[in-house]
Amino acid sequence: NEPIIGDINQTQNFDSTSAVPKTIGAGQNWNFNSFNAQSSFETNTYTTVASTPSASAFPGATLAENKGTSGDINFYKVTPSNFEVQGLQFPGTVINFSNTAIFYSWPINFGYNNSDIFGGSSTTASISTTMAGSVNVNAVGTGTVTMPGGIILNNCLQLVSNISFTLTQGSFTLIGAEKEYTYFHSSNKFPVITMKYKTETTGTVVTKIFEAKVNTAVFAGITSN
């Protein structure tokens, strides 16, 4: 499941019309057939670090993920045993993690659990920018996934990831928390379905976001509702 240079992961946004199935444990049945397709897509491409404008800030990185058309880039160090986040770029800011985040240690099977802390600062921003946080990835479920459109995928693995972070830029502070459910099947190295719950707090303003993304390679040819 480890991405390599040249990989492309395209997802289509979906919306839920009922309670989202996310039970944990062995032998589950997760039915997403009632999800409705939206018109928006996201295409993430995996490239060489040298091809990015911030390559010099990540001498230890071996892989870059370009996140759609947003201009955001994640930088990874990929080894046979670990998938490690070295830092990230978003418009106007590049943050290098002096304390990198190990997201995955291979292999990942049912019962897998890994936690790590990360943090670093910007090497390019005109104002002081720092980020610190933690990540936990836990493989908590196995079972059958029913895709939008009715395709049934057996022997799937469910991962739950929790990421919390604090981003500070000058006097501005953003506190973020993300809980992500991903479902993997042997037919594709990338998740077949991803659901993310995000909470972002700036001062007294709290924003809550739900995202559901479906791997287009898995349900190609199905007409959107």
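One table, with the values for the structure above:
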quantity	calculated
Subset of the range 37-87 [farther than 15 Å from GLU2 by Cα and of a type in the set (Phe, Trp, Tyr)]	PHE41, PHE58
Of all residues in the range 209-221 being aliphatic (A, V, I, L, M), part of a loop (DSSP other than H, G, I, E, B) and surrounded by fewer than 16 Cβ atoms within 10 Å (Cβ to Cβ), the one that is modelled with the lowest pLDDT	ALA220
Test result for THR79, closer than 30 Å to ASN155 by Cα and among the hydroxyl-bearing types (Ser, Thr, Tyr)	yes
Test result for ALA139, small (Gly, Ala, Ser), within 16 Å of the chain's Cα centre (by Cα), closer than 17 Å to ASN1 by Cβ and in a strand (DSSP E or B)	yes
Unique residue being part of a loop (DSSP other than H, G, I, E, B) and open to solvent by less than 40 Å² (accessible area, probe 1.4 Å) when the list is ILE108, ILE95, ILE127, ILE193	ILE108
Filter result for THR45 (open to solvent by 40 Å² or more (accessible area, probe 1.4 Å) and modelled with pLDDT of 95 or more)	yes
Residues of the range 156-188 classified as open to solvent by 40 Å² or more (accessible area, probe 1.4 Å) and under 18 Å from TRP30 (Cα atoms), total	4
Filter pass, ALA50 being more than 20 Å from the chain's Cα centre (by Cα) and at pLDDT 95 or above	yes
Test for LEU153: is it aliphatic (A, V, I, L, M), free of Cβ contacts under 8 Å to residues at least 60 places away in the same chain, buried (at least 17 other Cβ atoms within 10 Å of the Cβ) and part of a strand (DSSP E or B)	no
Some residue of the range 90-109 being closer than 20 Å to LYS179 by Cβ, out of contact with any Ser or Thr (no Cβ under 6 Å at 6 or more places or on another chain) and small (Gly, Ala, Ser)	yes
Verdict on TYR46 being hydroxyl-bearing (Ser, Thr, Tyr) and in contact with a Pro (Cβ under 7 Å, 6 or more places away or on another chain)	yes
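Yes/no per residue for (1) open to solvent by 70 Å² or more (accessible area, probe 1.4 Å); (2) over 23 Å from LEU167 (Cβ atoms); (3) part of a strand (DSSP E or B):
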| position | (1), (2), (3) |
| --- | --- |
| PRO3 | no, yes, no |
| SER34 | no, yes, no |
| PRO53 | yes, no, no |
| GLY60 | no, no, no |
| ALA64 | no, no, yes |
| PHE75 | no, no, yes |
| VAL85 | no, no, yes |
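The values are calculated or read from the model by the stated rules, or taken from the named source; none is laboratory data. Quick caveat: nothing in here was measured; it's all calculated off a predicted structure. Positions of Cβ are backbone-derived with ideal geometry, glycine not excepted, and every protein chain shown enters the neighbour counts. With ligands, DNA and RNA removed, areas are computed over all heavy atoms of the protein, side chains included. Shrake-Rupley method; radii C 1.70, N 1.55, O 1.52, S 1.80 Å.
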